[in-house]
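Single-structure report; data block below.
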Amino acid sequence: MSVTFQLDRPKATKSAIMMNYHSRGFRFRHSVGYSVSSKNWDGTKGRVKSGPDRDTINDHIIRLSNVFQECINHYRLAEKRLPTYAELKDYCNSNYTNRFIRHEVNNKVTVDERPE
């Protein structure tokens with residue numbers, strides 16, 4: 001299982017950070033709720049390398065990744081399957097404070113608000 005973080009539009013001056021997951025035909029693309037200057041993004045590490053909000057955004061990426069991986073692992077071990085989008089949404093909402101997944105369109109799930 002591999003969760004990666006990339007810029008949605010890496011050639012743009014500023015771009016949204018996206019979480020990507022692919023496994024056995026299951027694709028999940030999720031906005032982490034932050035945008036950064038492309039020059040401040042480390043594409044190899046999938047983290048913000050500089051800027052005033054670097055630590056806040058990187059901590060958020062780590063927490064979101066951990067909750068997402070916990071959800072995938074829970075369903076793989078307990079249910080012997082991958083979760084549906086609705087189950088991912090419910091799990092993330094109940095295990096990640098102040099996160100609300102807003103809508104699902106064409107296998108994309110976007111986040112409505114940032115953590116405090």
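Things to note:
- Residue-count net charge about Tyr75 - beta-carbon cut-off 12 Å; Lys, Arg +1, Asp, Glu -1: -1
- Pairwise centroid distance, computed over Cα atoms, of the range 37-83 with the range 1-22, Å: 10
- With protein chains left intact and a 1.4 Å probe, residues in the range 5-63 average 58 Å² of accessible area per residue.
- Sum of side-chain charges, Val36 neighbourhood, beta-carbon under 12 Å (Lys, Arg +1; Asp, Glu -1): +3
- The H on the amide N of Lys49, modeled in the peptide plane, is under 5 Å from the matching H of Trp41, Asp42, each at least 5 residues off or on a different chain.
The values are calculated or read from the model by the stated rules, or taken from the named source; none is laboratory data. The shown structure was predicted, so the numbers you read here are calculated from the model rather than taken from an experiment. All Cβ positions, glycine included, derive from the backbone under ideal geometry; neighbour counts span all protein chains shown. These area figures cover heavy atoms from the full protein model, side chains too; ligands, DNA and RNA do not enter into them. Shrake-Rupley method; radii C 1.70, N 1.55, O 1.52, S 1.80 Å.
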